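S.K.: First the structure, then my questions, so here it is.
The values are calculated or read from the model by the stated rules, or taken from the named source; none is laboratory data. The shown structure was predicted, so the numbers you read here are calculated from the model rather than taken from an experiment. Note that each Cβ is placed from the backbone with ideal geometry, even for glycine, and that neighbours are counted across all protein chains shown.
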Amino acid sequence: MAHIQLKTAIPGPKGQAILERRKNALPSGLAKSTEVAVERAEGALVWDVDGNQLIDFAGGIGMINVGHCNAQVVNAIKEQVDKYIHTCSLVTTIEPYIELAELLNSVTPGDFPKKTLLANSGSEAVENAVNIAKYYTKRNAVLCFEGAYHGRTLLTLSLTSKYALFKKGFGSYVSDIYRIPAPNMYRKEEGMSEEQYIQFCIRNLERAMIAQVDPESLAAIIIEPIQGEGGFLPIPTPFLQKLRELCDKYGIVFIADEIQCGAGRTGKLFAIEHTGVVPDIVVSAKSIGAGMPISAVTGRAEMMDAPHLGGVGGTYGGSPVACVAAIEAIKQLKSEAFLNRAIEVGQIISSTMNGWKSKYRAIGDVRGAGSMQLVEFVKDRDTREPDMEFAMEVIKDATSKGLILIRAGLYSNCIRLLPPVVITDEQLKEGLEVLEGAIARAQERRGG
């Protein structure tokens, strides 16, 4: 039996009514990738309010690695709600906060004493990480990268790239932030081999330490080991090694933003583990909470202890309900079976989409790591001119056929695949067939 079962158009009558209510009640700046109005979800499936059954390839933007309504997570939440919902970690001590911190301290990269601070969102975690780095180093400058997404608070929006979509109209921004290009192997300099291009990027980094900022003024370097919003760009190991070298030489705090690429998505619990580079601070969120709002800053104990008493924390940080969800999620995320499944899912996606390259000229690149995979659309394979309209056309078509998708990329010309890792092979292949059909129809509309 097909897992996609459509009873109405998407949206159907009930969905249209809810979308109209959304239009009237919510700000227009709150974007939505699809017209799906959800009633319930389980595993990799979503049911809308009109009774349509869909396959989810977006996973809440990578928030549902262990699947929608994961049974162990749901049971942990129910048990905790029956005990107490909130007493505030600034007022009382709650064991779930401590247990989750101990767990994160043990599973993050690095064989050194660590401590963990909990918050509610990725933005909060990034902001805390940078503030801790500033306090520890007694410096103000931060280095970040083009294509990065770190959040929407004032500080994290200042760090975020992709100006028109996220930053337009919200300035001015935090000072002492410096941004340089991140390596993009698909769009490397013409005529360069991959190795030559990586060395070119390293030379640009070294030049920035002279032309833009004194490395002895840098409090932190923050980077996503695999850029998420930027287009699933894995940062080459030699480049990350160079960052680590700079941080060691000049006393800079190395912050790895693992919010989207972490939580077992790539076949390692944290994406940076593929490189052997050990950051000083790891920022995590999204799938560690299995859908609950929670984030974490885990780092070297001496750095985490730097701020004065009362200098960190928040009313809702470390909610016991969110903590127990994260504990159960991480137990699954770090298991060998889960990590192996992430690799299997990624292999199915990658091999399938790479097979499309010879059939669909709009596909410029297929890339990613583990079950974090992406397809990039271009108007011309030689010039690699981005085709944003093609990507959106494919998403609208595929969603109408029962597949939930979202875009990505600096130019918004990519479709990112972040299905729950617990998705079955049958669901995965069915979703990929729907995606291919949408690509084929979009190409046909452009002349075959």
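S.K.: Any idea how many residues of segment 266-303 are crowded, with 24+ Cβ neighbours inside 10 Å and either over 16 Å from the mean Cα position of the chain (by Cα) or among the charged types (D, E, K, R) (or both)?
M.R.: 6
S.K.: Can you tell me which residue is surrounded by the most Cβ atoms within 10 Å (Cβ to Cβ) among those in segment 352-381 that are among the basic types (Lys, Arg) and in a strand (DSSP E or B)?
M.R.: Arg367
S.K.: Pairs only if they're at least six apart or on different chains, beta carbon under 8 angstrom, first in segment 339-362 and within 22 Å of Phe390 (Cβ to Cβ), second small (Gly, Ala, Ser); list them, first residue then second.
M.R.: Ile349/Gly368; Ile349/Ser371; Ser350/Gly368; Lys359/Ala440; Tyr360/Ala440; Ala362/Ala442
S.K.: Also, I was wondering about something else. Can you name the number of the only condition in (1) surrounded by fewer than 20 Cβ atoms within 10 Å (Cβ to Cβ); (2) more than 18 Å from the chain's Cα centre (by Cα); (3) not charged (D, E, K, R) that Ala141 fails?
M.R.: (1)
S.K.: Taking the residues in segment 382-418 that are part of a loop (DSSP other than H, G, I, E, B) and among the small types (Gly, Ala, Ser) as candidates, determine which candidate is nearest to Ala44 (Cα to Cα).
M.R.: If we take residues in segment 382-418 being part of a loop (DSSP other than H, G, I, E, B) and among the small types (Gly, Ala, Ser), then Gly402 is nearest to Ala44 (Cα to Cα).
S.K.: Consider Glu124 carefully, then state whether it is closer than 30 Å to Thr399 by Cβ, among the charged types (D, E, K, R), modelled with pLDDT of 95 or more and not in a loop (DSSP other than H, G, I, E, B). Spell out how you get there, then give the answer.
M.R.: Values: closer than 30 Å to Thr399 by Cβ: no; among the charged types (D, E, K, R): yes; modelled with pLDDT of 95 or more: yes; not in a loop (DSSP other than H, G, I, E, B): yes.
Taking the combined requirement at face value, the residue does not satisfy it.
S.K.: Tell me, please, whether a residue that is loosely packed, with under 15 Cβ neighbours inside 10 Å, at pLDDT below 95 and more than 22 Å from the chain's Cα centre (by Cα) can be found in segment 97-113.
M.R.: No, that holds for no residue.
S.K.: Determine if segment 404-418 includes at least one residue that is modelled with pLDDT of 95 or more, of a type outside the set (Lys, Arg) and under 14 Å from Ile348 (Cα atoms).
M.R.: Yes, segment 404-418 has at least one match.
S.K.: Now for a different question. Just to be sure before I move on: is Lys334 closer than 26 Å to Gly448 by Cβ and over 17 Å from the mean Cα position of the chain (by Cα) in the structure I sent?
M.R.: No, not satisfied.
S.K.: Taking the conditions exactly as written (hydroxyl-bearing (Ser, Thr, Tyr) and surrounded by 18 or more Cβ atoms within 10 Å (Cβ to Cβ)), does Thr116 satisfy them or not?
M.R.: Answer is yes for this residue.
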